[in-house]
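Colleague: Below is the structure I would like to discuss, written out as structure tokens.
Just so it is clear, none of the values below were taken in a lab; they were calculated from the coordinates. Since the model is a prediction, treat every value here as computed from it, not as a measurement. Neighbour counts run over all protein chains shown; Cβ positions are idealised from the backbone, glycine included.
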Amino acid sequence: YAKNQWEYFERCFTDGRFEIDNGLAERGLRLVVLGERNYLFAGSEAGARRLAIGYTIVTTCRLQGVDPLAYLGDVIELLQNGWPQARLRELLPDEWQRTRAAEAKARTDALLRAAKFPTASP
């Protein structure tokens with residue numbers, strides 16, 4: 001078997017796009033296996049669905065480079081304060097991150113303007 005696979009084996013040494021091991025894939029599958037075990041204790045089918053949605057949100061945050069705790073804390077607060085249903089798309093992790101980055105830039109720009117051009121107090 002190994003002799004027949006030699007060409008494929010050598011690729012990880014000749015092409016930098018290929019990993020020398022499959023640890024990343026195995027770690028990804030480990031999460032799925034642990035998830036399956038956790039779903040058994042979700043309490044009900046509806047609970048398992050909610051758990052799967054939670055895993056999906058956290059994984060999407062991680063893939064987008066978004067801090068899941070900051071994201072969930074902010075989004076839950078926005079939803080509790082009556083965020084309009086018509087604007088739910090803005091709460092997706094990538095949109096949320098863009099909005100937060102734009103807000104941070106606007107605050108920084110405002111601070112820089114204030115530092116360079118102080119306004120006179122009455």
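Colleague: Starting from segment 1-85, pick out the GluC sites (Glu not before Pro) whose DSSP state is loop and whose Cβ has at most 12 other Cβ atoms within 10 Å.
Modeller: On the way: sites: GLU7, GLU10, GLU19, GLU26, GLU36, GLU45, GLU77; in loops: GLU19.
Filter output for segment 1-85: GLU19.
Colleague: Could you calculate the FRET efficiency of ARG50 with ARG107 from 1/(1 + (r/R0)^6), where r is the beta carbon distance between them and R0 is 41 Å, rounded to 0.05?
Modeller: Details: r = 35 Å, r/R0 = 0.86.
Step by step, r from the Cβ atoms, then E = 0.70.
Colleague: Shifting gears a bit: So what's the angle, to the nearest 10 degrees on a 0 to 90 scale, between helix 93-116 and the longest Cα principal axis of the chain?
Modeller: 40
Colleague: Shifting gears a bit: Starting from the Cα gyration tensor of the chain, take the square roots of the eigenvalues, sort them a ≥ b ≥ c, and report rounded, prolate or oblate (rounded when a/c is under 1.5, otherwise prolate if a/b is larger than b/c, else oblate). Mind dumping the intermediate values first?
Modeller: Values: a/c = 4.29, a/b = 1.56, b/c = 2.75.
It is oblate, given that a/c is not under 1.5 and a/b is not larger than b/c.
Colleague: Taking chymotrypsin sites (Phe, Trp or Tyr not before Pro) that fall in a DSSP loop and have at most 15 other Cβ atoms within 10 Å as cut points, what is the longest piece of the chain between them? Before the final figure, lay out each step's value.
Modeller: Numbers: sites that count: TYR1, PHE18, PHE41.
Result, exposed sites excluded: 42-122.
Colleague: Would you look at the GNM of the chain, springs on alpha carbons closer than 10 Å, and say which of GLY16, GLY54, GLY82 moves the most?
Modeller: GLY16
Colleague: So what's the projected area for segment 10-55, the Cα convex hull averaged over all directions, in nm²? Show your work: numbers first, answer last.
Modeller: Values: hull surface 16.1 nm².
Mean projected area for segment 10-55: 4.0 nm², to one decimal.
Colleague: Can you give the calculated 222 nm mean residue ellipticity of the chain, where each DSSP H run of n ≥ 4 adds -39,500 (n - 2.57) and the sum is split over every residue, rounded to the nearest 500 deg cm²/dmol? Can you show the working numbers first?
Modeller: On the way: 5 runs with 83 residues, N = 122.
Value at 222 nm, helices only, nearest 500: -22500 deg cm²/dmol.
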